1. Quick one: count up the residues across region 1-17 that are part of a helix (DSSP H, G or I) and either without any contact (Cβ under 8 Å) to a residue 12 or more places away in the chain or in contact with a Pro (Cβ under 9 Å, 6 or more places away or on another chain) (or both).
2. Can you name the residue in region 80-102 that is in contact (Cβ under 8 Å) with a residue 12 or more places away in the chain and not in a loop (DSSP other than H, G, I, E, B) and, of all such residues, is farthest from THR4 (Cα to Cα)?
3. Restricting to region 18-39, what's the tally of residues that are open to solvent by less than 80 Å² (accessible area, probe 1.4 Å) and either part of a helix (DSSP H, G or I) or in contact with a Lys or Arg (Cβ under 6 Å, 6 or more places away or on another chain) (or both)?
4. Going by the structure shown, is VAL42 out of contact with any Pro (no Cβ under 6 Å at 6 or more places or on another chain), farther than 29 Å from GLN112 by Cβ, open to solvent by 50 Å² or more (accessible area, probe 1.4 Å) and β-branched (Val, Ile, Thr)?
5. Exactly one of these conditions fails for ALA39: (1) modelled with pLDDT of 95 or more; (2) over 18 Å from ARG134 (Cβ atoms). Give me its number.
6. Report, ordered by the first and then the second residue, all pairs with beta carbons closer than 7 Å, sequence separation of six or more or different chains, a first member in region 124-139 that is over 14 Å from ALA70 (Cβ atoms), and a second member that is open to solvent by less than 40 Å² (accessible area, probe 1.4 Å) and assigned to a helix (DSSP H, G or I).
7. Can you spot a residue in region 45-65 that is in a strand (DSSP E or B), open to solvent by 70 Å² or more (accessible area, probe 1.4 Å) and in contact (Cβ under 8 Å) with a residue 40 or more places away in the chain?
8. Output the residue which, of all residues in region 85-139 that are at pLDDT 85 or above and of a type in the set (Phe, Trp, Tyr), is surrounded by the fewest Cβ atoms within 10 Å (Cβ to Cβ).
Amino acid sequence: MRLTQYSNFTLRTLQFAALRAPAIVTVEEVARAHRISKAHLVKVAAELARRGYVESIRGRNGGMRLARPAAEITVGEIIRWTEAPLDLVECFDPATNTCPLLGACHLSRGLQRALRAFLSVLDDLTIADIAYNRGALLARLELAGPEAALPMAGGAQ
């Protein structure tokens, strides 16, 4: 199983906002820090705002910041909407299933258990968890090159 770039960019944006909290961050800062196309992140940021994960601040000093505490946003909930539908095989979707083995196949049952286990682990992982080692993460982003260097909000930690 491989997550889409959209999921990755969404999680990186939330992680970066958590790392810099309570400061406002811009799409350009996230793009520069992670060397991601700004055009891709504009779409991510708009959807994060629409869904209530970030607050958009307009104007000259605008940007975004987390709209909810990082500890209240799980990676599982993010993956569910960025990867939806999570149909690993065709028989997971009754509307489009054409598999004659439905109901008798142990592969689909095993894959369903695996998907539940995968999501269960991600449901126990929050944005706060993936931003826990703030100092080390920001140092790595700064080491990515001068174009990625960013001042730390509220001093080094």
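1. First pass over region 1-17, keeping only residues part of a helix (DSSP H, G or I): 5-17.
Going one step further and asking which of them are either without any contact (Cβ under 8 Å) to a residue 12 or more places away in the chain or in contact with a Pro (Cβ under 9 Å, 6 or more places away or on another chain) (or both), we end up with 8.
Residues that pass the stated criteria total 1.
2. Within region 80-102, the first condition is being in contact (Cβ under 8 Å) with a residue 12 or more places away in the chain, and the residues that meet it are 80-83, 86, 88-89, 91-92.
Add one more test, that the residue is not in a loop (DSSP other than H, G, I, E, B), and what stays is 80-82, 91-92.
Working: ARG80: 12, TRP81: 12, THR82: 8, CYS91: 21, PHE92: 19 Å.
Applying the filter and picking the extreme gives CYS91.
3. Keep residues of region 18-39 that are open to solvent by less than 80 Å² (accessible area, probe 1.4 Å), which gives 18-21, 23-27, 29-34, 36-37, 39.
Okay, now just the ones that are also either part of a helix (DSSP H, G or I) or in contact with a Lys or Arg (Cβ under 6 Å, 6 or more places away or on another chain) (or both), so 18-20, 24, 27, 29-34, 39.
Adding up the residues that qualify gives 12.
4. On the way: out of contact with any Pro (no Cβ under 6 Å at 6 or more places or on another chain): yes; farther than 29 Å from GLN112 by Cβ: yes; open to solvent by 50 Å² or more (accessible area, probe 1.4 Å): yes; β-branched (Val, Ile, Thr): yes.
So VAL42 passes the test.
5. (1)
6. From region 124-139, the pairs are LEU138/LEU19.
7. Checking region 45-65: at least one residue is in a strand (DSSP E or B), open to solvent by 70 Å² or more (accessible area, probe 1.4 Å) and in contact (Cβ under 8 Å) with a residue 40 or more places away in the chain.
8. Ranking the candidates gives TYR132 first.
The values are calculated or read from the model by the stated rules, or taken from the named source; none is laboratory data. Given the structure is predicted, the values throughout are model-derived calculations rather than measurements. Positions of Cβ are generated from backbone atoms using ideal geometry, with glycine treated the same way; all protein chains shown enter the neighbour counts. Remember, those area values only see protein heavy atoms, side chains included, never the ligands or the DNA or RNA. Shrake-Rupley method; radii C 1.70, N 1.55, O 1.52, S 1.80 Å.
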